[in-house]
Amino acid sequence: MKKIIISLLLLPSLALAGELEHDMHHNHDKHENHLHEMVDGQEFQLDKEKFNKFVSGLSNAQIAVLSLQGMVCDFCARGIEKTFKKDVGYLNIDVDLSLGKVLIAYDMSVFIDKSDVEKKILSNGQNLVDMQILSIP
Amino acid sequence: MGIRVCVLSLILTFASTTMLGARPVSYTGGSTMMYFSDNLKESVYYHYSPSYKYSLGLEWLKDKVQNENYAYLRYTHLLNRKNTQNSQRNLYFQSGISSEGIDRNFIGMHGDWETRRLFTGFGLKHVQADVKDYTKKYIQLGIAPYLGDYGDLHTWFLIKTKTNSLTNEWNSYPVLKLFKGNFMVELGYDENDEWDAHLMYRF
């Protein structure tokens, strides 16, 4: 029983230590791998490699960059993909779990309604904190 | 026993104040199929979530305590959810009515809190049965050894501690949880109770 108690108490400590270590690397990586693009005075913090892969092949499109709270696991994000794939003008979607971002590409002709996006995110169990739009000519 | 109660209280306090969660309710319009097996039951459970706040489902089970087969009509309600940038906390109420009669039912609470790195959860369930009523409880603590990207295989190492009022014994054992896309597999082995298996598919 003592071993179990010690294991139970040690586990969160080990995990927290791992989390701190991860955060240190993460913060370091932020400067090297994350894109800070300015469009119309807005800054987009995105993973550069993921973003470049996402936009490759896209033209005459717009990308909704969603910042979410509560998107902590792959399983949680599955519903987001399923929901937005049904949208008119939908082109592509990508989820960045580490930054809490979702990128959704739409045809340029579509109007992206923030309140509609907010409702869809909430129906999946997360909260929309911010939405920015990027244009891909 | 004193130490056990003390540790349990500490963990439950930790779980209920800073963290809680699991996914007995899916996203709006989502369906989930589960297979579950432990020392008390073996079951197949399907639930549908008309809203992200509740789910309705049917569970067909082989009751190892009563040694009989029957079904539950189940209702689960999300009581509380707290989302932050790096975590999600959930608290659920769960209930079920047996196909054998309304006097055979269960009610319970289920909670979890998780980040991409840590998971902790608890469950408390009271079953009103034909022969003898019982209560079962569990706590789970887990850590993800690595942080995968969306679409990767996600792995969790957990420790599960559980008891029921029929045996009044606490058993703790390791559990391995794997996620990939819409699939989840959870396997635990306890030398006293044999295997715990939990498979899930969301669609």
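What follows draws every value from the coordinates through simple rules; no lab data is involved. Quick caveat, the model's predicted, so the values are computed rather than measured. Note: ideal-geometry Cβ built from the backbone for every residue, glycine included; neighbour counts use all protein chains shown.
In chain B, which longest range has no GluC sites (Glu not before Pro) that are both DSSP loop (not H, G, I, E or B) and surrounded by at most 13 other Cβ atoms within 10 Å? Value returned for the longest uninterrupted segment is B:1-168.
Counting only lysines at least 8 places from residue B:41 when in the same chain, those with an alpha carbon closer than 18 Å to its own are B:62, B:64, B:125, B:132, B:136, B:137, B:160, B:162. When you filter the chymotrypsin sites (Phe, Trp or Tyr not before Pro) in the range B:75-127 for DSSP loop state and at most 12 other Cβ atoms inside 10 Å of their Cβ, nothing is left. In this rough spin-label picture, where each label sits 7 Å from Cα along the Cβ direction, the residue A:122-residue A:45 distance is 2.5 nm.
Along the axis of the charge dipole computed for chain B (Cβ charges of +1 for Lys and Arg, -1 for Asp and Glu, origin at the Cα centre), the listed residues B:154, B:138, B:87 are led at the positive end by B:87. Simple point charges give the picture: +1 on the Cβ of Lys and Arg, -1 on the Cβ of Asp and Glu, and for chain B a dipole about the Cα centre of about 780 debye. Approximating the spin labels as points 7 Å out from Cα along Cα→Cβ, the residue B:198-to-residue B:99 distance works out to 2.4 nm. Our coupling estimate for the range B:79-92, obtained by passing each phi through the Karplus curve with A = 6.51, B = -1.76, C = 1.60 and θ = phi - 60°, is 7, 7, 9, 10, 9, 10, 4, 10, 8, 9, 10, 9, 9, 10 Hz, Gly and Pro reported as x.
Please give the charge dipole size of the range B:123-185, origin at the Cα centre, charges +1 on K and R Cβ atoms and -1 on D and E Cβ atoms. Round to the nearest 20 debye. Don't skip to the answer; put the middle values down first.
Values: 8 positive and 5 negative charges, 28 e Å.
The dipole magnitude comes to about 140 debye.
Tell me, what is the FRET efficiency for residue B:147 and residue B:65 to the nearest 0.05, using R0 = 45 angstrom and their Cβ-Cβ distance as r? Step by step, r from the Cβ atoms, then E = 0.70. The string of couplings for the range B:122-137 from the Karplus curve (6.51, -1.76, 1.60, θ = phi - 60°) is 9, x, 9, 9, 10, 10, 8, 10, 6, 8, 9, 6, 8, 10, 10, 9 Hz, one whole number per residue in order, with x for Gly and Pro.
Note on residue B:77 and residue B:56: their simple-model spin labels are 1.5 nm apart, each label 7 Å out from Cα toward Cβ.
Taking chain B as a Gaussian network, where each spring joins two C-alpha atoms under 10 Å apart, which residue of B:161, B:76, B:28 fluctuates the most? Highest fluctuation among the options: B:28.
Relative contact order of chain B: what whole-number percent is it, with Cα pairs under 8 angstrom and at least 6 residues apart? Numbers along the way, then the final one.
Numbers: 536 pairs, mean separation 33.8, N = 203.
It rounds to 17 percent for chain B.
Taking chain B as a Gaussian network of alpha-carbon nodes connected by springs under 10 Å, the highest mean-square fluctuation of the residues B:156, B:60, B:170 belongs to B:170. Working note: Karplus 6.51/-1.76/1.60 with θ = phi - 60° gives the range A:85-90 the couplings 4, 7, 5, 5, x, 5 Hz, where Gly and Pro are set to x.
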